[in-house]
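The values are calculated or read from the model by the stated rules, or taken from the named source; none is laboratory data. All of these numbers come straight from a predicted model, not from anything done at the bench. Cβ sites come from the backbone with ideal geometry, for glycine too, and all protein chains shown count toward neighbours. Surface accessibility is based on the protein's heavy atoms, side chains included, excluding ligands, DNA and RNA. Shrake-Rupley method; radii C 1.70, N 1.55, O 1.52, S 1.80 Å.
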Protein chains: 4
Amino acid sequence: MPIVDLNCDMGEGFGVYSIGNDAEMLEIVTSANIACGFHGGDPIIIHQTLTLAAANNVQAGAHPSLFDLWGFGRRPILGERPADIEKQVIYQIGALQALAHSIGTRLRHVKTHGSLGNMAAEDADLAEAVARAVRAVDPQLIFVALPGMETERAAERLRLRVAREIYADRAYADNGNLASRKLEGAVIHDPDLAASRVVQMIEDQAITTLSGRRIPVKIDSVCVHGDTPGAVAMARKVRAALVAQGCEIRPMAHIVAG
Amino acid sequence: MPIVDLNCDMGEGFGVYSIGNDAEMLEIVTSANIACGFHGGDPIIIHQTLTLAAANNVQAGAHPSLFDLWGFGRRPILGERPADIEKQVIYQIGALQALAHSIGTRLRHVKTHGSLGNMAAEDADLAEAVARAVRAVDPQLIFVALPGMETERAAERLRLRVAREIYADRAYADNGNLASRKLEGAVIHDPDLAASRVVQMIEDQAITTLSGRRIPVKIDSVCVHGDTPGAVAMARKVRAALVAQGCEIRPMAHIVAG
Amino acid sequence: MPIVDLNCDMGEGFGVYSIGNDAEMLEIVTSANIACGFHGGDPIIIHQTLTLAAANNVQAGAHPSLFDLWGFGRRPILGERPADIEKQVIYQIGALQALAHSIGTRLRHVKTHGSLGNMAAEDADLAEAVARAVRAVDPQLIFVALPGMETERAAERLRLRVAREIYADRAYADNGNLASRKLEGAVIHDPDLAASRVVQMIEDQAITTLSGRRIPVKIDSVCVHGDTPGAVAMARKVRAALVAQGCEIRPMAHIVAG
Amino acid sequence: MPIVDLNCDMGEGFGVYSIGNDAEMLEIVTSANIACGFHGGDPIIIHQTLTLAAANNVQAGAHPSLFDLWGFGRRPILGERPADIEKQVIYQIGALQALAHSIGTRLRHVKTHGSLGNMAAEDADLAEAVARAVRAVDPQLIFVALPGMETERAAERLRLRVAREIYADRAYADNGNLASRKLEGAVIHDPDLAASRVVQMIEDQAITTLSGRRIPVKIDSVCVHGDTPGAVAMARKVRAALVAQGCEIRPMAHIVAG
């Protein structure tokens, strides 16, 4: 009987701005990827999200990004040296870690956001820079990676604990990376379709790309989103479908060897 | 024979912008207050400053600020709850601490910057919020405070290690706080005057305010600045005058009981 | 039969963040105060809001703020010289004006946002700095001011066209300024109460403060908000009540002498 | 006898940060490209730079950028639609224009900064978006473009006045664009070499690329920089060499047909 984690990005507001339905998503998922202030999030929101996650027995992780509030971390920003990205990621995890510590909880994982994640998935040097950042802050942190991509390989080379994740609502490119949001069909809006895809990928232990290519992968976690209309309903369907399939839903720290 | 620390704000540039003569000041001082990104500083500059401080055997501390890059943290920003400032300070110390950890060094102290420092010196709730932030990250961190002000009292109430500092180049208001930079005579530009004032204050273990009031204080550290023309020359004079007077110059961690 | 304008703040999102129900509010109001990027708004959102306002025959104005995205322009930031605020306001109006011009429309008014408005209402120098900024960009622009406050007096001294506005959902302090949002009862949430207060103020041509003081004022415009739950419903009620009372609802440029 | 303009980027500080020697450069050049707040610059600095330029009889232009203060506008940021860049450029020129107007001066030209310039030089859609932005604000504005690149072609298609510029201190790639700063030899530090290259390019009415390719171009203006050590000395040498060669140094508005 497979065990999987459900993870979701959270705390991505800024000041008076809010985005996503964190309170509801925290009733559904087992791991929360908390924005660190570089694409969203601020110390007040981080504190509040960490507190809410702890109250819901949801495990907290850092969700570091390129420094790009206006672009919500989704724009590819070129010209940064991996060694400099490393420092930015350390800064973000450290800030979140201290806030977690201040409320008596702790971080369990790190998952890169947006363009940082997309770029690291395909760039071995960048992936390794991020992995070094994770290890530098706490070698027990789990690195959440796309299976088959450079992030997974970097985590393995650095002997980090790694959680391989699939996306409920995103289609895949042929190299195993997420298909660009700009492509037709790249984002799945139908909750039933998302749920059945997830069940299929778990059963197959494989992903299928937009062009039909099948890539075998290990799956530890399923990413659901909370910031689109219908997101909560989709997440509930995904969870229910997994449970109906006999999956146990548990935080990734219970799945990934320590 | 008195022992005093010399501290200086550092790493206050941002991106391509730089300010101050960190490399030279690190040859003079024993403690570096490193900007955390809220009024200046960024992960790359923080990393570089921490590395340079370690290479010079200068002890590193965090220099948290209100979130105000444009105003360089010098503008009073009202309307924030102390509990929210606390989270902002934890965020900043945590970010710096993780970067320090990543290069094998550690933070020894925390000193508030600009308006945050000025406001906390006179507001007991805010001072205590900052002290709680320091304690939350690491109870061994030394809290650098103006003697006689609310920050000193908050540090004592929370049983933090506290270093009392005087300023070489700033005049004092009658309540013991720094006189506003806008007042005539508030900033001292003459290196010899600054040096002789410091020696006098150390000898007297007292500060003298703009109006001539004398306030007895304990002095553990002397703050010198690195970001004005002639700053390096002034710092050298202050250090030389202290040494000539028989003072031993040592990092604050050697002075303040642990 | 009195003629009044209905104005509403708009375009206050940033990047992926949105706030308020601009599309619906544009069916209700006659003047849109468009954020200029300093507390919210960005060039893409400004362009979109100007376009939408024009399509709804709603007149566009600039809604300049202190430079404080994180605080949404609501935090008092001290220590700025009025002459420097003036430059910030010119910058913002100019940016918006150029975008308006690029889509074949034009700005009709300027209304200060948040703390800038609150501070200018009580500070004659600051009020005059803002008025000078308005005049510098275009002397035909209408300056929206709280009646009885320094902004109204500054507008009159500089011979600007001025629209006096009342707030549907905010209580008044005894000096005629808006009561602080932190005070009990300062923000009115009941649509019926808001509507009946507005009708009363228009009938009386006076405002009544929290303590019961009555201040006679001239009223050209009524401000309704779009960024709270129930805001649209409240705005509709206010408009309906004004129409039921026999008021004609027209853009402020039709009311204020040119 | 050729007539050329000398242009320089200016006003690129932010808050307390300053960069470059604007006061000295204004004694050397005839056109100032003033940062608009997106990569550097703020309303106070813009006002001061416009005032200083006017006092030196140096003509003022806008120097718009991608929105990237941290990266000083030098990082390629992908994923923006040209139509959205257009709005950002209109915003920036409009803001600067209003400040120029407020001190009784006016903008004469627009020159893109950093990555925006590099990207527009090679991307016809982006180049045309910038050219549309210039035209939307004021069709009399001169568009400063790299000769032979997409920006020049876009300016011509839109019938804008265009000034073709060469760089004193930058080497050229084979496509006629500036060589990346990261390439060996891409930035010229020797003032004499810079001066003799400029004289040669003016004489030849051609640029020579890093690989030795010769590209005939029309040259209306020479860009000198003010933000590196030795920049002022280099600019003086370039000017002196041009004068010695018999060139007349005049603002671009006197060179480019109106």
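Here is a yes/no grid of residues against (1) closer than 24 Å to residue D:195 by Cα; (2) in contact with a Lys or Arg (Cβ under 8 Å, 6 or more places away or on another chain); (3) at pLDDT below 95; (4) basic (Lys, Arg):
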residue	(1), (2), (3), (4)
D:7	yes, yes, no, no
D:15	no, no, no, no
D:25	yes, no, no, no
D:30	yes, yes, no, no
D:35	no, no, no, no
D:42	no, no, no, no
D:46	no, yes, no, no
D:51	no, no, no, no
Being of a type in the set (Gly, Ala, Ser), touching a strand residue (DSSP E or B) at 6+ places or on another chain (Cβ under 8 Å) and either touching a residue at least 12 places away in the same chain (Cβ under 8 Å) or in a helix (DSSP H, G or I) (or both): is that true of residue D:136 here? no
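The rows are residues; the columns are (1) over 27 Å from residue D:253 (Cα atoms); (2) open to solvent by less than 50 Å² (accessible area, probe 1.4 Å); (3) within 15 Å of the chain's Cα centre (by Cα).
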residue	(1), (2), (3)
D:141	no, yes, yes
D:165	no, yes, yes
D:186	yes, yes, no
D:203	no, no, no
D:220	no, yes, yes
D:232	no, yes, no
D:236	no, no, no
Scan region A:114-139 for residues that are in contact with a Gly (Cβ under 8 Å, 6 or more places away or on another chain), open to solvent by 20 Å² or more (accessible area, probe 1.4 Å) and among the polar types (S, T, N, Q) and jot them down. none
From C:210, C:178, C:242, grab the single residue that is of a type in the set (A, V, I, L, M) and open to solvent by 80 Å² or more (accessible area, probe 1.4 Å). C:210
On the basis of being crowded, with 24+ Cβ neighbours inside 10 Å, acidic (Asp, Glu) and farther than 21 Å from residue B:135 by Cβ, does residue B:12 make the cut? yes
I'm told residue B:157 meets every condition in (1) within 27 Å of residue B:244 (Cα to Cα); (2) open to solvent by 40 Å² or more (accessible area, probe 1.4 Å); (3) not polar (S, T, N, Q) except one. Can you identify the failing condition by its number? (1)
Contact list please: Cβ distance under 6 Å, first residue in region B:51-76 and within 14 Å of chain C (Cβ to nearest Cβ) and farther than 18 Å from residue B:23 by Cα, second residue open to solvent by 10 Å² or more (accessible area, probe 1.4 Å) and not in a loop (DSSP other than H, G, I, E, B), pairs at least six apart or on different chains. B:65/B:114; B:73/B:114; B:74/B:114
Looking at region A:55-72, can you tell me whether even one residue there is hydroxyl-bearing (Ser, Thr, Tyr), part of a loop (DSSP other than H, G, I, E, B) and open to solvent by 10 Å² or more (accessible area, probe 1.4 Å)? no
Scanning region B:1-36 residue by residue, the ones that are within 16 Å of the chain's Cα centre (by Cα) and within 14 Å of chain D (Cβ to nearest Cβ) total 5
All strands (runs of 3 or more DSSP E) inside region A:147-242 with 1 or more residues being in contact (Cβ under 8 Å) with a residue 12 or more places away in the chain and over 17 Å from residue A:33 (Cβ atoms): A:206-208, A:214-216
In this structure, is residue D:142 touching a residue at least 12 places away in the same chain (Cβ under 8 Å), within 14 Å of chain C (Cβ to nearest Cβ) and β-branched (Val, Ile, Thr)? no
Among the residues of region C:37-46, which ones are touching a Phe, Trp or Tyr at 6+ places or on another chain (Cβ under 9 Å), surrounded by fewer than 24 Cβ atoms within 10 Å (Cβ to Cβ) and at the interface with another protein chain (Cβ under 8 Å from one of its Cβ atoms)? C:42
Selection status of residue D:109, crowded, with 21+ Cβ neighbours inside 10 Å, within 20 Å of residue D:59 (Cβ to Cβ) and touching a His at 6+ places or on another chain (Cβ under 8 Å): no
Looking for something at pLDDT 95 or above, open to solvent by less than 10 Å² (accessible area, probe 1.4 Å) and on the phi > 0 side of the Ramachandran plot - is there at least one such residue anywhere in region D:79-87? no
Residue D:31 versus (1) hydroxyl-bearing (Ser, Thr, Tyr); (2) crowded, with 24+ Cβ neighbours inside 10 Å; (3) out of contact with any Cys (no Cβ under 9 Å at 6 or more places or on another chain): which is the lone unmet condition? (3)
Tally of residues being within 12 Å of chain A (Cβ to nearest Cβ) and in a helix (DSSP H, G or I) across region B:83-121: 20
Restricting attention to region D:17-38, and to residues there that are touching a strand residue (DSSP E or B) at 6+ places or on another chain (Cβ under 9 Å) and assigned to a helix (DSSP H, G or I), which single residue is farthest from residue B:18 (Cα to Cα)? D:25
Among (1) within 21 Å of residue C:252 (Cα to Cα); (2) open to solvent by 10 Å² or more (accessible area, probe 1.4 Å); (3) of a type outside the set (Phe, Trp, Tyr), where does residue C:192 come up short? (1)
Filter region C:77-95 down to residues that are in contact (Cβ under 8 Å) with a residue 40 or more places away in the chain and more than 18 Å from residue D:41 (Cα to Cα), then give me how many there are. 1
